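Here the structure is laid out as structure tokens; the discussion comes afterwards.
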Amino acid sequence: MDTIYLAAAAGVLALVIVAAMIMKKGKAAPEDPDEGSEKRECGDPELYELGMNPVSDKPIMYALTTCLHCKNTKKFLEENHYEVTVIHLDDYCDSDRANLMEKVRKYNPRGTFPVVLMPNGKVIVGFRKLLLEEAMKK
Amino acid sequence: MTPEELLEKLAKAAAIKGYHLHADHDFCLGTAESLIANKERYGYMCCPCRLASDDKKTDSDIICPCVYRDDDIAEFGACMCSFYVSAEHKDDPDFFPEVDERRDPSRGL
């Protein structure tokens, strides 16, 4: 009889421990909202820093991964032997994305893409072959 | 949906308004791929030439075709991305006009 009581008590104890573990896990969820969900990649931190402090001896281009004019601008610069550092704003999330966009608006208040910062200080908005050629000569 | 299928669908919808897709087919294919990528990322086909806020309500004016398309085509012959063009430019693969952004800078990011 004692064995039955002991087995029942052990069973109840096991249930209590399992319930406590489930409750603990449930309470932890709000502290880490990403737990269990797919984490989104949020851009390269080094490129973010460059985007926020754009000082380089190479052209820097603020762009979107989806923007065909941006791709054509990059291709054009590379065809003219200019290595360009591209910062894709849509690779970033939340405040990083907003901060970079604020930076872009300092150079181009309309906020369109691409925005190319040439090493000589020239700012070229859009895929503008003639302007790019001019800027590359100087 | 493949980019080709999307192009076919968008071309039909544009024709109702008398618009055409750009004459450079590769450019259109690339734009269709970008629209599909945005649909997968945000859940809606945000304009590929503008930065999405990732909030459908905020971006409602720049879901392709954007609300600025009609005015852009009337003034410049193409939308800001040059994806949609007027009948006048439908056969010109080199037509990429500089289209001013009409969107209020206070909207979006």
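The table below gives the values:
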item	result
Cβ-based charge dipole, chain B, positive-most Cα from B:Tyr44, B:Ala87, B:Ile16	B:Tyr44
In Hz, Karplus ³J(HN,Hα) per residue of region A:57-64 (6.51, -1.76, 1.60; θ = phi - 60°; x = Gly, Pro)	8, 10, x, 10, 10, 8, 8, 10
Charge dipole (debye, nearest 20) of chain B; +1 at Cβ of Lys and Arg, -1 at Cβ of Asp and Glu	540 debye
Members of A:Lys71/A:Lys103; A:Lys58/B:Lys57; A:Lys71/A:Lys137; A:Lys129/B:Lys56; B:Lys57/B:Lys90 lying beyond 27 Å, as alpha-carbon distances in this model show	A:Lys58/B:Lys57; A:Lys129/B:Lys56; B:Lys57/B:Lys90
Where trypsin sites (Lys or Arg not before Pro) fall in DSSP loop in region B:9-103, at most 10 other Cβ within 10 Å	B:Lys57
Per-residue ³J(HN,Hα) for region A:43-48, Karplus 6.51 cos²θ - 1.76 cosθ + 1.60, θ = phi - 60°, Hz, x for Gly and Pro	x, 7, x, 5, 5, 4
Antiparallel bridges, percent of DSSP beta bridges restricted to region A:45-137 (to nearest 5)	60 percent
Residue-by-residue Karplus 3J(HN,Hα) for region A:67-80, coefficients 6.51, -1.76, 1.60, Hz, glycine and proline x	8, 5, 5, 5, 4, 5, 5, 4, 4, 4, 5, 5, 5, 9
Cα gyration tensor shape for region B:4-109, rounded if a/c is under 1.5, else prolate or oblate	oblate
Cα shape, region A:61-138, gyration tensor, a/c 1.5 rule	prolate
10 Å Cβ neighbours from other chains, averaged over peptide B:42-50	4
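Just so you know, all these numbers are worked out from the coordinates, no wet-lab data involved. Just so you know, these numbers come straight off a predicted model, no measurement behind them. Please note: Cβ atoms are built from the backbone with ideal geometry, for glycine as well, and neighbour counts cover all protein chains shown.
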